[in-house]
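Chemist: Let me begin by handing over the structure; questions about it come next.
The values are calculated or read from the model by the stated rules, or taken from the named source; none is laboratory data. Keep in mind the model is a prediction, meaning the values are calculated, not measured. Heads up, the Cβs are rebuilt from the backbone with ideal geometry, glycines too, and the neighbour counts pull from every protein chain shown.
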Ligand SMILES: [Fe+2]
Ligand SMILES: [Fe+2]
C-alpha cells in the first residue's frame, strides 16, 4: 500500500493499433508500471485487432501486460468479437452516449486500485462523427451517479474536433481529475493542468505504427485520396511508438498535480533504440490546487 501522501499515478495510452501497437504494449507497459510506480493503466483499444476492434484473446493478453481498463470508440460495433468482450469483461467499455439499449456501458467505478476508487466515463464527440447523445449531458449524468467518495474521476473524449474536446475540458475543469482525447491518432502538444485542477490533453496520439497514415499503410490511402477509388487499408508496420500521458493525482482531493506526455519508440526493425528514460514528471504551474469542499466533488 503506497504512503498516503504519495501521488496516485495513472498511465493512459492512446488508441492501440494492430500488431505493432499490441507489441509496443506487451514490450513496454510492464517496465513502465514498475519503473514509474504506476497505479492504474488505461488504454483505448478500438484498433487493436487488425486495425479495428478487439477480441477476447487480445483483451486478455493486453490485460496480462498490465492494462487495467480498456475502451472502444466509434469502432465499437465493427467487429463481432467486440460484443463478446463487452458482454464478458466489466473492464471493457464502449462510449457512454450510445443509446442506453446498446450492449455494454461507458461508465464504471474501479475499486481497490492501489487503495483508491476511480470513476471513469468515455464519450464520443459529435462533430464529424456519427450521431449520438450529447456528450456534455451524458458526462454530467455519469458523474452524478458516481458515489461521493470517488474522488479520482477520469473522462475520455473520443472525438475528431479539438474544439469540442477543449470545450469539454473547460466544462469539467475542477469537477474531474483528467480529461483526455483519443481517436485522431495524432498526439497534441497542449497537455496542461487547467486552473481548477483538471489534467487535460486534446489527443494522446496512438500506440501504433507512425510510418503510415494514422496507422494505415501509406500507399492505399494515397491511392484513395488521389483517385477517389475504393482501396483496402491495411495496418502499417514501421516506427511503432507507445504514446499517452502519465498523470500524478492528489489522492485526497482527486485533483491533478501534474501530467507529462509519453512517447516511446517500441524498438524492433525500424526502431533499434528502446528510447530515452522518462525525465521526472513536471509539477503544474501554481503547485497542487487545494482540495475542493465535498459538495463540489459530488458533480
Ligand atoms: Fe475512433
Ligand atoms: Fe482509433
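Chemist: Considering only residues of the stretch 169-194 that are within 16 Å of ligand 2 (Cβ to nearest atom) and without any contact (Cβ under 8 Å) to a residue 60 or more places away in the chain, which is farthest from residue 51 (Cα to Cα)?
Modeler: 188
Chemist: Examine the stretch 134-154 for a residue that is within 16 Å of ligand 2 (Cβ to nearest atom) and closer than 21 Å to residue 70 by Cα, and state whether such a residue exists. Walk me through it before giving the result.
Modeler: Restricting attention to the stretch 134-154, the residues satisfying the condition of being within 16 Å of ligand 2 (Cβ to nearest atom) are none.
Looking for residues that are within 16 Å of ligand 2 (Cβ to nearest atom) and closer than 21 Å to residue 70 by Cα, one finds none in the stretch 134-154, hence no.
Chemist: Determine whether the stretch 33-49 contains at least one residue that is at pLDDT 95 or above, more than 13 Å from ligand 1 (Cβ to nearest atom), over 22 Å from residue 114 (Cβ atoms) and surrounded by 20 or more Cβ atoms within 10 Å (Cβ to Cβ).
Modeler: yes
Yes/no per residue for (1) out of contact with any strand residue (DSSP E or B) (no Cβ under 9 Å at 6 or more places or on another chain); (2) closer than 18 Å to residue 264 by Cβ:
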| site | (1), (2) |
| --- | --- |
| 15 | no, yes |
| 22 | no, yes |
| 35 | yes, yes |
| 56 | yes, no |
| 60 | yes, no |
| 63 | no, no |
| 80 | yes, no |
| 93 | no, no |
| 100 | yes, no |
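Chemist: With the requirement that a residue be within 19 Å of residue 260 (Cα to Cα) and buried (at least 24 other Cβ atoms within 10 Å of the Cβ), what does the stretch 170-182 give you?
Modeler: Hits for the stretch 170-182 are 176, 177, 178, 179, 180, 181, 182.
Chemist: Is there any pair with a first residue in the stretch 66-88 that is farther than 14 Å from residue 104 by Cβ and a second that is assigned to a helix (DSSP H, G or I) and away from ligand 1 (no atom under 14 Å from the Cβ) whose Cβ atoms are under 6 Å apart and which are 6 or more apart or on different chains, and what are they?
Modeler: If the second residue must be assigned to a helix (DSSP H, G or I) and away from ligand 1 (no atom under 14 Å from the Cβ), the pairs left are 66/29; 66/30; 66/33.
Chemist: Could we say that residue 61 is closer than 22 Å to residue 241 by Cβ and more than 14 Å from ligand 2 (Cβ to nearest atom) here? Walk me through how you get there before you give the answer.
Modeler: Numbers: closer than 22 Å to residue 241 by Cβ: yes; more than 14 Å from ligand 2 (Cβ to nearest atom): yes.
So residue 61 fits the description; yes.
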